[in-house]
Amino acid sequence: MKTYKVQKGMILTVPEEHEAKEISENYARRMEELEKKKKLEQENSIDTESSEPEPEKEPENDQQEKEKQEKKETKEKEAGEHDGKLFVIQKGKAICDKGTQFPQFKVSSHQKHYLNNEGHAPDYLAVTENDLQFNPPAAPFGNCSLKNNQPCTFAPAGKWQKVYTDVKVLGNALLTEISELQCSIGGKIKIKDHGQREELSKQNFKNADAKVHQYINPMVDLRRFNEQLDGDNFYS
């Protein structure tokens with residue numbers, strides 16, 4: 001509110017009572033309007049600041065991040081499912097929930113990767129997602145319950161599923177005990193026997209600790225037993 005200094009020569013006019021009241025009311029009204037306007041401007045300023053959108057990521061980056069996360073989750077899930085499971089080899093056996101026989105696998109996707117066999121015997125070839133044949137090839141699963149127990153006419157519907165993607169041969173993922181294959185007739189093929197077996201060899205006996213073995217099996221002299229094995233082809 002402005003103040004005025006009374007100087008010499010000025011003429012002061014004193015308004016009437018009703019005029020003074022009107023002046024006071026007008027002044028009070030203007031001050032009230034001014035205060036409301038100021039408050040409104042402050043509120044609008046706060047709303048504007050709070051409503052400013054956060055900078056958006058580029059759509060491409062969002063999509064890449066999403067795909068990356070999905071791949072990571074899928075990989076972790078697959079790895080968890082295969083924990084403690086063994087890979088399948090050619091001499092393993094399959095089973096169909098609509099069949100009566102259990103054929104062996106037939107590896108045709110490669111002739112490269114053998115599991116736990118230094119001699120590269122065909123029976124130890126690793127079975128992959130693209131190995132869709134069995135031995136015997138004709139009616140491999142015997143009779144089919146979906147065909148009134150007529151001979152099986154197996155026809156794979158795509159590749160093996162639930163495969164282990166962390167290990168591949170020529171780009172093909174390996175099968176484990178939980179892998180599955182759908183038949184177009186309606187049956188589901190699973191792993192009955194992975195085919196891997198532990199077999200004792202001469203080297204197993206030679207690597208054994210003779211003193212520990214004496215406590216476990218005092219009836220057998222491991223040193224003498226190993227000497228006998230050296231002249232025997234058994235377990236070779």
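The values are calculated or read from the model by the stated rules, or taken from the named source; none is laboratory data. Remember, it's a predicted structure, so these values are computed and weren't measured experimentally. For neighbour counting, all protein chains shown are included, and Cβ atoms are generated from backbone atoms with ideal geometry for every residue, glycine included.
Restricting to the range 161-181, name every residue that is polar (S, T, N, Q) and modelled with pLDDT of 95 or more.
Gln161, Asn172, Thr176, Ser179
Looking at Lys147, is it surrounded by fewer than 15 Cβ atoms within 10 Å (Cβ to Cβ) and over 24 Å from Arg197 (Cα atoms)? Talk me through it step by step, then tell me what you get.
Numbers: surrounded by fewer than 15 Cβ atoms within 10 Å (Cβ to Cβ): yes; over 24 Å from Arg197 (Cα atoms): yes.
Judged against the criteria, Lys147 is a match.
Consider Lys112 carefully, then state whether it is assigned to a loop (DSSP other than H, G, I, E, B), farther than 20 Å from Asp83 by Cβ and within 31 Å of the chain's Cα centre (by Cα).
Details: assigned to a loop (DSSP other than H, G, I, E, B): yes; farther than 20 Å from Asp83 by Cβ: yes; within 31 Å of the chain's Cα centre (by Cα): yes.
So Lys112 passes the test.
Could you go through the range 125-134 and let me know if any residue there is closer than 23 Å to Arg197 by Cα, touching a helix residue (DSSP H, G or I) at 6+ places or on another chain (Cβ under 6 Å), surrounded by 13 or more Cβ atoms within 10 Å (Cβ to Cβ) and at pLDDT 95 or above.
Checking the range 125-134: not a single residue is closer than 23 Å to Arg197 by Cα, touching a helix residue (DSSP H, G or I) at 6+ places or on another chain (Cβ under 6 Å), surrounded by 13 or more Cβ atoms within 10 Å (Cβ to Cβ) and at pLDDT 95 or above.
Quick test for you: out of Lys91, Lys159, pick the one residue that is more than 22 Å from Gln196 (Cα to Cα), surrounded by 13 or more Cβ atoms within 10 Å (Cβ to Cβ) and not aromatic (Phe, Trp, Tyr). Walk me through how you get there before you give the answer.
Working: Lys91 fails: more than 22 Å from Gln196 (Cα to Cα).
Answer to the selection: Lys159.
So is Gly99 at pLDDT 95 or above and touching a Phe, Trp or Tyr at 6+ places or on another chain (Cβ under 8 Å) or not? Break it down into steps so the answer makes sense when it comes.
Details: at pLDDT 95 or above: yes; touching a Phe, Trp or Tyr at 6+ places or on another chain (Cβ under 8 Å): yes.
Spelling it out, Gly99 is indeed at pLDDT 95 or above and touching a Phe, Trp or Tyr at 6+ places or on another chain (Cβ under 8 Å).
Select from the range 204-236 the residues that are exposed (fewer than 11 other Cβ atoms within 10 Å of the Cβ) and under 30 Å from Val127 (Cα atoms) and write down the one among them that is modelled with the highest pLDDT.
Of everything passing the filter in the range 204-236, Phe234 is modelled with the highest pLDDT.
Note down all Cβ pairs under 6 Å where the first residue falls in the range 170-187 and is within 19 Å of Phe141 (Cα to Cα), the second is polar (S, T, N, Q) and surrounded by fewer than 21 Cβ atoms within 10 Å (Cβ to Cβ), and they're at least six residues apart or on different chains.
Glu180/Gln161
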